[in-house]
Amino acid sequence: MRIAVYVPLLLSLLAPLGARPLAERCEPRLATWLLTASALVLGAATTISLGLLAVTGLIRVPQLAALGHWSAHTAQRDDPAELSVALIAGLLLGAAVLMAARMLWRRARTLTAAILEAECMPAKDGLVVVEDEAPDAFAIPGLPGRVVVSTGMLATLDETERRILLAHERAHLTAHHYAFVALAQLGAAANPLLRPLATAVSYTIERWADENAAAATGDRERVARTVGKAALAAHHAPGVRAPGAALAILGRRTPLATAGPVPRRVAALLAPPFGRHPVLAAATAAVLATAALSTAEAAHDLHLLLEAVGA
């Protein structure tokens, strides 16, 4: 436990360094899965590590040690962690649990609102057209979800570009991109060091939807032009009206026009499609396996410590 318990904490410091390479060099769908899994696993592993360290401090308190029939004196002598470290870990653990619970509550409430809002929207083939001169388009998760497009956006695009727009937004719904963003943000809520991973997921789901639109139309260059055109139209539109709370499902609106760094998305579409990049995938898997094994080893070491201090 002297070393293993700190390994997930160290990996959470290093993991953000790999977020940009995964997002920029790996096929978007695989990158999204890897980044989301990394945020979740590392977020859980660091929370468990903090909990293990906090327990080593609790068993030094005679009143608490007596509840578990442990010897506080033996714990003070044999405990591998400094008391100050255990106290700091306890405070960080409390903050992590509080932030994760708060995020889950807000996400569940917003998802419920989104489902109810989508159910109330009259749609044709899942498409809702709203009278609004401001160019806008977004997807609302639901049962089923809805793609909402303003008349201003439809007027900005030609027929082919409209098909690209709809393919992009429908990809968000069919691939459940809101779930990837929510899970990555949950890991980042438990461990703020992982926020770059959650930010990268918000980008890779846009790239995923872009690639789906390119596959549906067979014209990557046309998709790139559509992304740029929609972005310019939305940027120059005065006072784009913000939709209802349900559209906060992904932490922000995620229309084709404004989500993600548009120049990076356009450049990626003008380049050949990314491969799976097995080296990055293997490195990510190795990091996650190391975090999981280290956490398990630390938990086992704590179990042995509790047996040793048994009164």
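The values are calculated or read from the model by the stated rules, or taken from the named source; none is laboratory data. Predicted model only: the values in this text are computed from it and were never measured. Quick reminder, even Gly has a Cβ in these numbers, built from the backbone with ideal geometry, and neighbours come from all protein chains shown. These area figures cover heavy atoms from the full protein model, side chains too; ligands, DNA and RNA do not enter into them. Shrake-Rupley method; radii C 1.70, N 1.55, O 1.52, S 1.80 Å.
Numbers for the structure displayed
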item: From Ala96, Ala114, Ala134, residue being farther than 25 Å from Ala231 by Cβ, of a type in the set (A, V, I, L, M), surrounded by 15 or more Cβ atoms within 10 Å (Cβ to Cβ) and in contact (Cβ under 8 Å) with a residue 60 or more places away in the chain; result: Ala96
item: Per-region count, segment 99-111, residues surrounded by 18 or more Cβ atoms within 10 Å (Cβ to Cβ) and over 22 Å from Val41 (Cβ atoms); result: 2
item: Boolean, Val287 is surrounded by 16 or more Cβ atoms within 10 Å (Cβ to Cβ), modelled with pLDDT of 70 or more, in contact with a Ser or Thr (Cβ under 9 Å, 6 or more places away or on another chain) and not polar (S, T, N, Q); result: yes
item: Residue check for Leu247: within 26 Å of Ser38 (Cα to Cα), at pLDDT below 80, touching a strand residue (DSSP E or B) at 6+ places or on another chain (Cβ under 8 Å) and not in a loop (DSSP other than H, G, I, E, B); result: yes
item: Segment 205-220, subset of a type outside the set (Val, Ile, Thr) and open to solvent by less than 20 Å² (accessible area, probe 1.4 Å), residue nearest to Ala31 (Cα to Cα); result: Arg207
item: Segment 24-40 - residue that is among the hydrophobic types (A, V, I, L, M, F, W, C) and open to solvent by less than 10 Å² (accessible area, probe 1.4 Å) and, of those, farthest from Ala214 (Cα to Cα); result: Ala39
item: Selection count, segment 221-244, where residues are open to solvent by 60 Å² or more (accessible area, probe 1.4 Å) and either modelled with pLDDT under 50 or farther than 25 Å from Arg276 by Cβ (or both); result: 9
item: Residues being closer than 18 Å to Arg264 by Cβ and open to solvent by 30 Å² or more (accessible area, probe 1.4 Å) - total across segment 166-204; result: 2
item: Given (1) modelled with pLDDT of 90 or more; (2) open to solvent by 20 Å² or more (accessible area, probe 1.4 Å), number of the condition Met1 does not satisfy; result: (1)
